[in-house]
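Step one of this worksheet: look at the structure below.
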Amino acid sequence: MTRFFSRPRSLARSKLRAARGAGATRRVILLYHRVAAPGHDPFALAVPPAWFRDHLEIVKSRSRLVTLDEILRTDGASDRDGSEVLASITFDDGYADNLAVASPMLRDAAIPATFFVCTGSLGDARGFWWDRLASAIAATDEPAASLDGLPGLEDIPFEGEPTSADARVRATLAIAARLQPMHPEPRDRLVEELEARLPVRHGARREDCPIMDEAELRDLGSQPLTELGAHTHSHPMLSRLTRDEQLTEITKSVATLHDITGIRPRFAAYPYGAQQDYDDASCRAAEDAGLRAAFGNHGGRFDPAGQPYRVPRRYVPPLPAEGFRTWLDGVLAS
(Lines give C-alpha, C1' and ligand atoms only; values in the text may rest on other atoms or scores of the structure.)
Protein backbone atom coordinates (compact mmCIF):
# COMPACT_ATOMS: atom_id res chain seq x y z
CA MET A 1 0.00 0.00 0.00
CA THR A 2 1.29 3.47 -0.82
CA ARG A 3 2.04 5.40 2.34
CA PHE A 4 1.64 9.10 3.06
CA PHE A 5 5.22 9.83 4.19
CA SER A 6 6.91 6.82 2.60
CA ARG A 7 6.06 6.61 -1.05
CA PRO A 8 8.44 4.37 -3.01
CA ARG A 9 11.29 6.53 -4.19
CA SER A 10 14.64 5.26 -5.47
CA LEU A 11 16.96 5.04 -8.42
CA ALA A 12 18.16 1.83 -10.02
CA ARG A 13 20.96 0.32 -7.95
CA SER A 14 23.32 0.23 -10.88
CA LYS A 15 22.83 3.95 -11.47
CA LEU A 16 23.42 4.72 -7.81
CA ARG A 17 26.60 2.67 -7.74
CA ALA A 18 27.87 4.46 -10.83
CA ALA A 19 26.98 7.86 -9.39
CA ARG A 20 28.63 7.05 -6.08
CA GLY A 21 31.82 5.80 -7.68
CA ALA A 22 33.97 2.80 -6.87
CA GLY A 23 35.73 2.90 -3.54
CA ALA A 24 33.83 5.94 -2.19
CA THR A 25 32.68 6.09 1.39
CA ARG A 26 29.07 5.01 1.67
CA ARG A 27 26.83 7.50 3.44
CA VAL A 28 23.21 7.24 4.54
CA ILE A 29 20.99 9.60 6.52
CA LEU A 30 18.13 7.86 8.31
CA LEU A 31 14.79 9.58 8.85
CA TYR A 32 12.51 8.82 11.80
CA HIS A 33 9.40 10.63 13.03
CA ARG A 34 8.25 9.07 16.30
CA VAL A 35 9.49 6.56 18.87
CA ALA A 36 6.18 5.40 20.28
CA ALA A 37 3.58 2.64 20.15
CA PRO A 38 0.29 4.42 19.37
CA GLY A 39 -3.00 2.59 19.17
CA HIS A 40 -3.19 3.25 15.45
CA ASP A 41 -0.55 4.42 12.99
CA PRO A 42 -1.98 4.51 9.47
CA PHE A 43 0.95 6.57 8.15
CA ALA A 44 3.59 4.19 9.57
CA LEU A 45 5.41 6.98 11.40
CA ALA A 46 5.96 5.36 14.80
CA VAL A 47 8.74 2.93 15.71
CA PRO A 48 8.09 1.26 19.11
CA PRO A 49 10.79 1.98 21.71
CA ALA A 50 12.10 -1.60 21.90
CA TRP A 51 12.41 -1.72 18.11
CA PHE A 52 14.18 1.65 18.05
CA ARG A 53 16.74 0.40 20.56
CA ASP A 54 17.35 -2.58 18.27
CA HIS A 55 17.67 -0.24 15.28
CA LEU A 56 20.40 1.74 17.00
CA GLU A 57 22.37 -1.38 17.86
CA ILE A 58 22.11 -2.68 14.31
CA VAL A 59 23.09 0.64 12.72
CA LYS A 60 26.08 0.89 15.08
CA SER A 61 27.18 -2.59 14.06
CA ARG A 62 27.14 -1.67 10.36
CA SER A 63 28.32 1.93 10.30
CA ARG A 64 30.00 4.79 12.12
CA LEU A 65 27.31 7.14 13.38
CA VAL A 66 28.25 10.79 12.86
CA THR A 67 26.77 14.28 12.91
CA LEU A 68 25.32 15.89 9.82
CA ASP A 69 28.38 18.12 9.71
CA GLU A 70 30.66 15.14 9.35
CA ILE A 71 28.55 13.20 6.88
CA LEU A 72 28.22 16.27 4.67
CA ARG A 73 31.90 17.14 4.58
CA THR A 74 33.30 13.61 4.18
CA ASP A 75 34.68 12.92 0.71
CA GLY A 76 35.95 9.42 1.38
CA ALA A 77 39.61 10.40 1.19
CA SER A 78 40.32 8.92 4.60
CA ASP A 79 38.77 5.58 3.65
CA ARG A 80 41.38 3.94 1.48
CA ASP A 81 39.55 0.72 0.66
CA GLY A 82 36.06 2.21 0.40
CA SER A 83 34.75 -0.06 3.16
CA GLU A 84 33.65 2.63 5.61
CA VAL A 85 29.95 3.35 6.07
CA LEU A 86 28.83 6.61 7.68
CA ALA A 87 25.30 7.08 8.99
CA SER A 88 23.38 9.95 10.57
CA ILE A 89 20.12 9.86 12.53
CA THR A 90 17.45 12.51 11.95
CA PHE A 91 13.88 13.07 13.11
CA ASP A 92 11.16 15.16 11.49
CA ASP A 93 8.24 17.14 12.93
CA GLY A 94 8.89 17.58 16.67
CA TYR A 95 6.79 15.05 18.55
CA ALA A 96 7.08 15.06 22.35
CA ASP A 97 8.32 11.47 22.33
CA ASN A 98 11.46 12.69 20.53
CA LEU A 99 12.51 14.22 23.86
CA ALA A 100 10.88 11.78 26.28
CA VAL A 101 11.81 8.51 24.58
CA ALA A 102 14.22 8.85 21.65
CA SER A 103 16.64 11.36 23.15
CA PRO A 104 17.53 9.29 26.26
CA MET A 105 18.18 6.22 24.10
CA LEU A 106 20.41 8.21 21.76
CA ARG A 107 22.24 9.80 24.70
CA ASP A 108 22.85 6.43 26.37
CA ALA A 109 24.25 5.07 23.10
CA ALA A 110 26.35 8.22 22.51
CA ILE A 111 24.73 8.69 19.09
CA PRO A 112 24.36 12.19 17.59
CA ALA A 113 21.03 13.18 16.08
CA THR A 114 19.35 16.13 14.38
CA PHE A 115 15.69 16.95 15.05
CA PHE A 116 13.87 18.98 12.39
CA VAL A 117 11.02 20.83 14.08
CA CYS A 118 7.82 22.25 12.61
CA THR A 119 7.31 25.36 14.71
CA GLY A 120 3.68 26.26 14.00
CA SER A 121 2.21 23.44 16.09
CA LEU A 122 4.44 23.59 19.17
CA GLY A 123 2.54 22.63 22.30
CA ASP A 124 -0.44 21.09 20.51
CA ALA A 125 -1.35 17.97 22.50
CA ARG A 126 -3.56 16.65 19.70
CA GLY A 127 -0.78 16.33 17.14
CA PHE A 128 -0.36 17.51 13.57
CA TRP A 129 -3.21 17.73 11.09
CA TRP A 130 -2.66 14.16 9.87
CA ASP A 131 -2.68 12.84 13.47
CA ARG A 132 -5.94 14.63 14.20
CA LEU A 133 -7.48 13.27 11.00
CA ALA A 134 -6.41 9.71 11.80
CA SER A 135 -7.58 9.95 15.42
CA ALA A 136 -10.98 11.35 14.44
CA ILE A 137 -11.62 8.60 11.88
CA ALA A 138 -10.38 5.83 14.20
CA ALA A 139 -12.79 6.92 16.94
CA THR A 140 -15.98 7.27 14.87
CA ASP A 141 -18.55 4.96 13.33
CA GLU A 142 -19.41 7.42 10.53
CA PRO A 143 -16.28 8.17 8.44
CA ALA A 144 -18.09 8.37 5.10
CA ALA A 145 -20.95 10.68 6.07
CA SER A 146 -18.51 13.31 7.30
CA LEU A 147 -17.36 14.14 3.77
CA ASP A 148 -20.68 15.37 2.39
CA GLY A 149 -20.27 18.91 1.07
CA LEU A 150 -16.60 19.28 1.95
CA PRO A 151 -14.72 20.80 -1.03
CA GLY A 152 -12.28 18.40 -2.60
CA LEU A 153 -13.35 15.42 -0.50
CA GLU A 154 -16.90 14.61 -1.64
CA ASP A 155 -15.94 11.97 -4.20
CA ILE A 156 -13.61 9.87 -2.02
CA PRO A 157 -14.90 6.27 -2.27
CA PHE A 158 -15.40 4.00 0.72
CA GLU A 159 -14.97 0.33 -0.11
CA GLY A 160 -16.14 -2.60 1.99
CA GLU A 161 -17.46 -2.30 5.53
CA PRO A 162 -17.04 1.42 6.34
CA THR A 163 -16.37 0.84 10.04
CA SER A 164 -13.77 -1.92 9.67
CA ALA A 165 -10.15 -1.23 10.62
CA ASP A 166 -9.02 -1.61 7.01
CA ALA A 167 -11.70 0.78 5.77
CA ARG A 168 -10.68 3.36 8.36
CA VAL A 169 -7.06 3.17 7.22
CA ARG A 170 -8.08 3.47 3.56
CA ALA A 171 -10.29 6.44 4.36
CA THR A 172 -7.56 8.14 6.36
CA LEU A 173 -4.98 7.72 3.61
CA ALA A 174 -7.39 8.81 0.86
CA ILE A 175 -8.43 11.98 2.71
CA ALA A 176 -4.83 12.78 3.69
CA ALA A 177 -3.73 12.46 0.06
CA ARG A 178 -6.26 15.16 -0.87
CA LEU A 179 -5.34 17.43 2.04
CA GLN A 180 -1.58 17.10 1.70
CA PRO A 181 -1.06 19.40 -1.34
CA MET A 182 -3.49 22.06 -0.11
CA HIS A 183 -2.43 25.43 1.19
CA PRO A 184 -2.13 25.18 5.00
CA GLU A 185 -5.06 27.47 5.76
CA PRO A 186 -7.84 25.60 3.86
CA ARG A 187 -6.22 22.30 4.82
CA ASP A 188 -6.43 23.10 8.51
CA ARG A 189 -10.00 24.40 8.19
CA LEU A 190 -11.08 21.13 6.58
CA VAL A 191 -9.47 19.10 9.35
CA GLU A 192 -11.28 21.20 11.95
CA GLU A 193 -14.56 20.69 10.08
CA LEU A 194 -13.99 16.94 9.94
CA GLU A 195 -13.28 16.82 13.67
CA ALA A 196 -16.46 18.75 14.36
CA ARG A 197 -18.57 16.49 12.14
CA LEU A 198 -17.27 13.11 13.30
CA PRO A 199 -19.04 11.82 16.41
CA VAL A 200 -16.93 9.78 18.80
CA ARG A 201 -18.48 6.34 19.19
CA HIS A 202 -19.46 5.08 22.62
CA GLY A 203 -16.48 3.84 24.60
CA ALA A 204 -13.89 5.32 22.22
CA ARG A 205 -11.66 8.37 22.45
CA ARG A 206 -9.47 10.33 20.10
CA GLU A 207 -5.82 9.48 20.64
CA ASP A 208 -3.45 12.38 21.20
CA CYS A 209 -0.02 12.61 19.53
CA PRO A 210 1.58 15.44 21.55
CA ILE A 211 4.03 17.89 19.99
CA MET A 212 6.82 19.43 22.05
CA ASP A 213 6.12 22.77 23.66
CA GLU A 214 8.72 25.53 23.94
CA ALA A 215 10.16 24.29 27.24
CA GLU A 216 10.53 20.77 25.88
CA LEU A 217 12.11 22.12 22.72
CA ARG A 218 14.70 24.02 24.76
CA ASP A 219 15.36 20.87 26.77
CA LEU A 220 15.87 18.80 23.64
CA GLY A 221 18.17 21.40 22.11
CA SER A 222 20.33 21.38 25.24
CA GLN A 223 20.96 17.62 25.13
CA PRO A 224 24.48 16.47 24.23
CA LEU A 225 25.07 15.39 20.63
CA THR A 226 21.74 16.99 19.63
CA GLU A 227 21.06 19.63 16.99
CA LEU A 228 17.78 21.27 16.00
CA GLY A 229 16.84 22.07 12.42
CA ALA A 230 14.00 23.89 10.68
CA HIS A 231 11.02 22.01 9.22
CA THR A 232 8.93 25.02 8.10
CA HIS A 233 6.24 26.67 10.21
CA SER A 234 2.98 25.08 9.03
CA HIS A 235 4.21 21.89 7.27
CA PRO A 236 3.01 22.70 3.73
CA MET A 237 3.89 20.97 0.50
CA LEU A 238 6.39 23.61 -0.52
CA SER A 239 6.16 22.97 -4.25
CA ARG A 240 2.54 24.17 -4.15
CA LEU A 241 3.49 27.55 -2.66
CA THR A 242 4.92 30.66 -4.27
CA ARG A 243 8.62 31.36 -3.82
CA ASP A 244 7.85 34.13 -1.29
CA GLU A 245 5.56 31.82 0.67
CA GLN A 246 8.24 29.15 0.72
CA LEU A 247 10.84 31.60 1.98
CA THR A 248 8.44 32.78 4.70
CA GLU A 249 7.75 29.21 5.83
CA ILE A 250 11.46 28.44 6.17
CA THR A 251 12.60 31.75 7.66
CA LYS A 252 9.75 31.78 10.19
CA SER A 253 10.72 28.30 11.37
CA VAL A 254 14.38 29.33 11.62
CA ALA A 255 13.54 32.53 13.51
CA THR A 256 11.18 30.77 15.93
CA LEU A 257 13.75 28.11 16.78
CA HIS A 258 16.37 30.82 17.27
CA ASP A 259 14.07 32.83 19.54
CA ILE A 260 13.21 29.81 21.70
CA THR A 261 16.61 28.18 22.01
CA GLY A 262 19.06 31.01 21.37
CA ILE A 263 20.73 28.92 18.65
CA ARG A 264 20.16 29.58 14.97
CA PRO A 265 19.50 26.40 12.94
CA ARG A 266 21.93 25.59 10.15
CA PHE A 267 19.89 22.89 8.38
CA ALA A 268 16.32 22.37 7.16
CA ALA A 269 14.22 19.43 6.05
CA TYR A 270 11.41 19.76 3.53
CA PRO A 271 7.93 18.65 4.68
CA TYR A 272 6.88 15.28 3.24
CA GLY A 273 10.12 15.46 1.29
CA ALA A 274 9.48 13.47 -1.88
CA GLN A 275 11.13 14.94 -4.95
CA GLN A 276 7.81 16.39 -6.16
CA ASP A 277 7.11 17.95 -2.73
CA TYR A 278 9.80 20.61 -3.09
CA ASP A 279 11.36 22.36 -6.08
CA ASP A 280 14.12 24.72 -7.19
CA ALA A 281 12.38 27.60 -5.42
CA SER A 282 12.49 25.59 -2.18
CA CYS A 283 16.23 25.11 -2.57
CA ARG A 284 16.75 28.81 -3.25
CA ALA A 285 14.61 29.69 -0.22
CA ALA A 286 16.73 27.44 2.01
CA GLU A 287 19.87 29.07 0.64
CA ASP A 288 18.46 32.58 1.01
CA ALA A 289 17.53 31.76 4.61
CA GLY A 290 21.23 31.28 5.28
CA LEU A 291 21.02 27.52 5.81
CA ARG A 292 24.00 25.32 5.08
CA ALA A 293 22.01 22.37 3.65
CA ALA A 294 18.47 21.03 3.27
CA PHE A 295 17.20 17.47 3.19
CA GLY A 296 14.53 15.49 1.38
CA ASN A 297 12.83 12.17 2.04
CA HIS A 298 13.94 10.10 -0.95
CA GLY A 299 16.87 8.21 -2.37
CA GLY A 300 19.30 9.44 -4.96
CA ARG A 301 22.86 10.56 -5.44
CA PHE A 302 24.56 11.76 -2.26
CA ASP A 303 26.31 14.92 -3.45
CA PRO A 304 26.22 17.56 -0.69
CA ALA A 305 28.98 19.58 -2.34
CA GLY A 306 27.13 19.85 -5.66
CA GLN A 307 23.54 19.68 -4.35
CA PRO A 308 23.59 20.94 -0.75
CA TYR A 309 19.85 21.69 -0.78
CA ARG A 310 18.78 18.32 -2.20
CA VAL A 311 20.47 15.93 0.22
CA PRO A 312 18.70 12.54 0.24
CA ARG A 313 17.53 10.73 3.35
CA ARG A 314 15.97 7.30 3.88
CA TYR A 315 12.65 7.04 5.70
CA VAL A 316 12.89 4.21 8.24
CA PRO A 317 9.78 2.00 8.34
CA PRO A 318 8.53 0.57 11.65
CA LEU A 319 10.23 -2.83 11.55
CA PRO A 320 11.38 -5.26 14.25
CA ALA A 321 15.05 -6.16 14.44
CA GLU A 322 15.29 -8.78 11.70
CA GLY A 323 13.16 -6.82 9.29
CA PHE A 324 15.14 -3.66 9.92
CA ARG A 325 18.45 -5.50 9.49
CA THR A 326 17.32 -6.76 6.08
CA TRP A 327 16.02 -3.33 5.11
CA LEU A 328 19.22 -1.58 6.15
CA ASP A 329 21.42 -4.10 4.32
CA GLY A 330 19.41 -3.36 1.18
CA VAL A 331 19.84 0.39 1.61
CA LEU A 332 23.58 0.06 2.16
CA ALA A 333 23.93 -2.22 -0.86
CA SER A 334 22.16 0.26 -3.15
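The values are calculated or read from the model by the stated rules, or taken from the named source; none is laboratory data. Since this is a predicted model, take the numbers as computed values, not measurements. Note that we place each Cβ from the backbone using ideal geometry, even for glycine, and neighbour counts take in every protein chain shown.
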How about segment 185-212: which of its residues are closer than 28 Å to Pro265 by Cβ and in contact with a helix residue (DSSP H, G or I) (Cβ under 8 Å, 6 or more places away or on another chain)? Arg187, Asp188, Val191, Asp208, Cys209, Pro210, Ile211, Met212
Residues located in segment 265-291, provided they are part of a loop (DSSP other than H, G, I, E, B) and basic (Lys, Arg): Arg266
Any chance Pro181 is in contact with a Ser or Thr (Cβ under 8 Å, 6 or more places away or on another chain), surrounded by fewer than 16 Cβ atoms within 10 Å (Cβ to Cβ) and not charged (D, E, K, R): no
So if I check each of Pro143, Pro181, which one is outside the structural domain of Gly39 (by TED's automatic domain parsing), at pLDDT below 85 and touching a helix residue (DSSP H, G or I) at 6+ places or on another chain (Cβ under 7 Å)? Pro143
Failed condition for Gly39, given (1) touching a strand residue (DSSP E or B) at 6+ places or on another chain (Cβ under 6 Å); (2) at pLDDT below 95; (3) in the same structural domain as Leu106 (by TED's automatic domain parsing), with all others met? (1)
Selection status of Ala96, closer than 15 Å to Val35 by Cα, assigned by TED's automatic domain parsing to the domain that holds Ile58 and touching a helix residue (DSSP H, G or I) at 6+ places or on another chain (Cβ under 7 Å): yes
Of (1) over 21 Å from the mean Cα position of the chain (by Cα); (2) buried (at least 21 other Cβ atoms within 10 Å of the Cβ); (3) outside any helix (DSSP H, G or I), His202 satisfies all except one. Which? (2)
Could you check, for segment 112-130, whether at least one of its residues is assigned to a helix (DSSP H, G or I) and under 16 Å from Leu198 (Cα atoms)? yes
So in segment 176-199, with the set limited to residues that are aliphatic (A, V, I, L, M) and closer than 22 Å to Ala125 by Cα, which one is nearest to the chain's Cα centre (by Cα)? Ala176
Can you pull out the residues in segment 91-111 that are touching a Phe, Trp or Tyr at 6+ places or on another chain (Cβ under 8 Å) and crowded, with 21+ Cβ neighbours inside 10 Å? Phe91, Asp92, Asp93, Gly94, Asn98, Ala102
Identify, from the list Arg73, Arg107, the residue that is of a type in the set (Lys, Arg) and at pLDDT 95 or above. Arg107
Based on this model, can you work out whether Leu257 counts as within 24 Å of Asp124 (Cα to Cα) and surrounded by 19 or more Cβ atoms within 10 Å (Cβ to Cβ)? yes
Of the numbered conditions (1) closer than 10 Å to Thr119 by Cβ; (2) in contact (Cβ under 8 Å) with a residue 60 or more places away in the chain, Val254 fails exactly one; give the number of that condition. (2)
With Gly306, Gly323 as the choices, which residue is surrounded by fewer than 17 Cβ atoms within 10 Å (Cβ to Cβ) and either part of a helix (DSSP H, G or I) or of a type in the set (S, T, N, Q) (or both)? Gly323
Which residues, counting only those in segment 232-254, are polar (S, T, N, Q), in a loop (DSSP other than H, G, I, E, B) and surrounded by fewer than 24 Cβ atoms within 10 Å (Cβ to Cβ)? Ser234, Thr242
Looking at (1) surrounded by 18 or more Cβ atoms within 10 Å (Cβ to Cβ); (2) of a type outside the set (Ser, Thr, Tyr); (3) within 21 Å of His40 (Cα to Cα); (4) in contact (Cβ under 8 Å) with a residue 60 or more places away in the chain, find the lone condition where Val117 falls short. (3)
